[in-house]
1. Restricting to region 140-162, name every residue that is touching a His at 6+ places or on another chain (Cβ under 8 Å) and farther than 17 Å from LEU12 by Cβ.
2. Given (1) farther than 18 Å from TYR8 by Cβ; (2) touching a strand residue (DSSP E or B) at 6+ places or on another chain (Cβ under 8 Å); (3) more than 11 Å from ligand 1 (Cβ to nearest atom); (4) not charged (D, E, K, R), where does ILE209 come up short, assuming only one miss?
3. Go through region 152-169 and give me each residue that's touching a helix residue (DSSP H, G or I) at 6+ places or on another chain (Cβ under 9 Å) and either of a type in the set (Gly, Ala, Ser) or not in a loop (DSSP other than H, G, I, E, B) (or both).
4. Here are some residues: LEU95, LEU131, LEU109. Which one is touching a residue at least 12 places away in the same chain (Cβ under 8 Å), of a type outside the set (Phe, Trp, Tyr) and out of contact with any strand residue (DSSP E or B) (no Cβ under 7 Å at 6 or more places or on another chain)?
5. In contact (Cβ under 8 Å) with a residue 12 or more places away in the chain, within 13 Å of ligand 2 (Cβ to nearest atom), surrounded by 16 or more Cβ atoms within 10 Å (Cβ to Cβ) and small (Gly, Ala, Ser): does that describe ALA191?
6. Given the criteria buried (at least 18 other Cβ atoms within 10 Å of the Cβ), within 16 Å of ligand 1 (Cβ to nearest atom) and of a type outside the set (Val, Ile, Thr), does LEU115 qualify?
Amino acid sequence: MYPIYICYDSELSSLDREAVKSAVDEICAKFNRQVIIYGDNAWSDPTKGFSSADWYVKKAKEYMPNQTQLNARLLIELMRHEPWQDANPHIDMILVSDDLTAEHNGDWLNFCFGLTCGRFVANSVHRYKSLNDLERFLAVKAVVLHEIGHVLGAAADLNRSHTEEKIGPHCTNPNCVMRQGLNLATWVKHARECNSHGSWYCPQCLADIKNSQI
Ligand SMILES: [Zn+2]
Ligand SMILES: [Zn+2]
């Protein structure tokens, strides 16, 4: 089983950082996974490439200098090409303060909360800026748990019951963080429901994750 590495850029608020920690506690409590939060610290020589979340953001911006949104796939490609992925394969997640977009069926999405491709995840906290503290905390926690759920195969099989194709396969069970939320209000509603319910994944998604070979 691959360990999970999580980093975020230096602009992330302390509340966002607490929410990431809370999501990680949830992952550690439910699944037998090693999780390392690198946060905004450099994990290798900061004068070289692939050394911190800020480096990934800066590099992605160099590829699209005139855009207000970052292409999530660029961040994912950078993570995929990390030089030590070969020797030490791991699940990689980055959270950024910039707004993210991604291509879907030939069009650009207005925005995306997070994008998962294989074992690489790019998340943004940008759209949560208008929320109050509790909502923001829950929204960030939800995006971390949702995208890690995608990496680990939750609701990935559309032949499973209670799934739907909605920009990727998603769960339709109540109180499950693997439901799709295509706007901020729905995303927050789902996060609130999961929090009140106390269990962020439904039993089906939990079983999917426990069977994950990744
Ligand atoms: Zn999703
Ligand atoms: Zn579910």
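A short reminder: the numbers here are calculations on the coordinates, not readings from a lab. Every value quoted in this text rests on a predicted model; they were computed, and no experiment measured them. Methodologically, a virtual Cβ is constructed for each residue, glycine included, from the backbone with ideal geometry; neighbour enumeration extends over all protein chains shown.
1. Looking only at region 140-162, we keep the residues that are touching a His at 6+ places or on another chain (Cβ under 8 Å), and these are 142, 155-156.
Hits for region 140-162 are ALA155, ALA156.
2. Single failed check for ILE209: (2).
3. Taking region 152-169 as the starting set, the residues that turn out to be touching a helix residue (DSSP H, G or I) at 6+ places or on another chain (Cβ under 9 Å) are 152-157, 160-163, 168-169.
Selection gives GLY153, ALA154, ALA155, ALA156, SER161, THR163, GLY168, PRO169.
4. Numbers: LEU95 fails: out of contact with any strand residue (DSSP E or B) (no Cβ under 7 Å at 6 or more places or on another chain); LEU109 fails: out of contact with any strand residue (DSSP E or B) (no Cβ under 7 Å at 6 or more places or on another chain).
Checking each option against the conditions leaves just LEU131.
5. Details: in contact (Cβ under 8 Å) with a residue 12 or more places away in the chain: yes; within 13 Å of ligand 2 (Cβ to nearest atom): no; surrounded by 16 or more Cβ atoms within 10 Å (Cβ to Cβ): yes; small (Gly, Ala, Ser): yes.
Spelling it out, it is not the case that ALA191 is in contact (Cβ under 8 Å) with a residue 12 or more places away in the chain, within 13 Å of ligand 2 (Cβ to nearest atom), surrounded by 16 or more Cβ atoms within 10 Å (Cβ to Cβ) and small (Gly, Ala, Ser).
6. Working: buried (at least 18 other Cβ atoms within 10 Å of the Cβ): yes; within 16 Å of ligand 1 (Cβ to nearest atom): yes; of a type outside the set (Val, Ile, Thr): yes.
The answer is yes for LEU115.
For every residue, the table says whether it meets (1) more than 25 Å from ASP16 (Cβ to Cβ); (2) away from ligand 2 (no atom under 11 Å from the Cβ); (3) in contact with a Cys (Cβ under 6 Å, 6 or more places away or on another chain).
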{"position": "ARG136", "(1), (2), (3)": "no, yes, no"}
{"position": "ALA142", "(1), (2), (3)": "no, yes, no"}
{"position": "GLU147", "(1), (2), (3)": "no, yes, no"}
{"position": "ASP157", "(1), (2), (3)": "yes, yes, no"}
{"position": "HIS170", "(1), (2), (3)": "no, no, no"}
